[in-house]
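Notes for the one structure printed next.
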Amino acid sequence: MAERLIGWLLRSTAQAVLAAGAAILVACVPLFGLLSESTVPRAIAGILIQIGGAFVFAGATATYLSRPRGWLLPNERVTTAAHQRPAVGGWLMVLGVMLVAAPVWLLLRMQPFLAEWRSVIELASAPGLWDNANANMSGVVLMPIAAALTPPFFELVTLIGFVVSSLMLAPLLLSRSPRFPLVYLVCMVLLSALVLASMRGASAAALASDALQQLIGTTAANAEEAASLRQVLERYSIVFTTAPALLWALFAYVLWAPAILSSQRVRTTFSERVAPAVSMPAKAADLAAITSPPRFP
């Protein structure tokens, strides 16, 4: 039951990533052509196209791999009796420690980032904020806010992805589930796309931040207003420092992929289980033939 739930969750996530990538490409490819004379917006649109392409590729790949009757990994082609499968040990125990340590390290490392998100949530839940936005053409007012929150949103989703992946993989590892290698591979594909989106989103945020820094000096009404705007941009720089931590966490996952796909230990530990043969009870006629064999003439 748990394995079916995990499979459904992976397929749903893969399809959501695929749909998001397609939506980004549909929105940004025409925009890229229209911004031929705008350097920074055109560069940001190009980054979004890269993110959309990565999402489409990762979503399609993960959807194919997570099919109920899809491609089989080497361990899924091997059948072994349950009592003959080795216990989880050796480097697999180190892998289990990594599955716990990586998300914990990320949560500790990204505490300032999460604190900024708490501030955003408190601000968004302030009474009267949405009423004022609706009264002042909310679409126009909220579009810059949504654009500014997109790069940190990618990073937040990536952090959640690491935590959820470990929560799924650790029990499968300990139970020696035959689905563990495939689930690990699908999680790695999806996390790679999310980390790429976080890295490229941080690059887009850096381009926009540099452009705004130059704009503040020429449009600010006074020095106090300019200092206030620069303070906001300095707090926003948490986006740039968070992305490398996500990349290091992904590296810890990718490091184990070759061994999971090719190791003989993985093939036997996570092989398909075969129920032991059950001997049928002997019939009465068979027992009589054994205990009272026919006499020779």
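The values are calculated or read from the model by the stated rules, or taken from the named source; none is laboratory data. These numbers come from a predicted model, not from an experiment. Neighbour counts are summed over all protein chains in view; Cβ atoms, including those assigned to glycine, are modelled from backbone coordinates with ideal geometry.
Here is how the numbers come out for the structure above:
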quantity	calculated
Test: residue in the range 237-257 that is modelled with pLDDT of 75 or more and more than 25 Å from the chain's Cα centre (by Cα)	no
Every pair of residues 6+ apart whose Cβ atoms lie under 6 Å, when the first sits in the range 233-246 and is over 13 Å from Phe154 (Cβ atoms) while the second is of a type in the set (Lys, Arg) and surrounded by 15 or more Cβ atoms within 10 Å (Cβ to Cβ)	Ala245/Arg109
Looking only at the range 51-71, and only at residues there that are assigned to a loop (DSSP other than H, G, I, E, B) and modelled with pLDDT of 75 or more, the one that is nearest to the chain's Cα centre (by Cα)	Ser66
Some residue of the range 18-31 being in contact with a Lys or Arg (Cβ under 8 Å, 6 or more places away or on another chain) and either part of a helix (DSSP H, G or I) or under 24 Å from Val186 (Cα atoms) (or both)	no
Exclusive hit being assigned to a helix (DSSP H, G or I) and modelled with pLDDT of 95 or more, set Ser192, Ser209, Ser203	Ser192
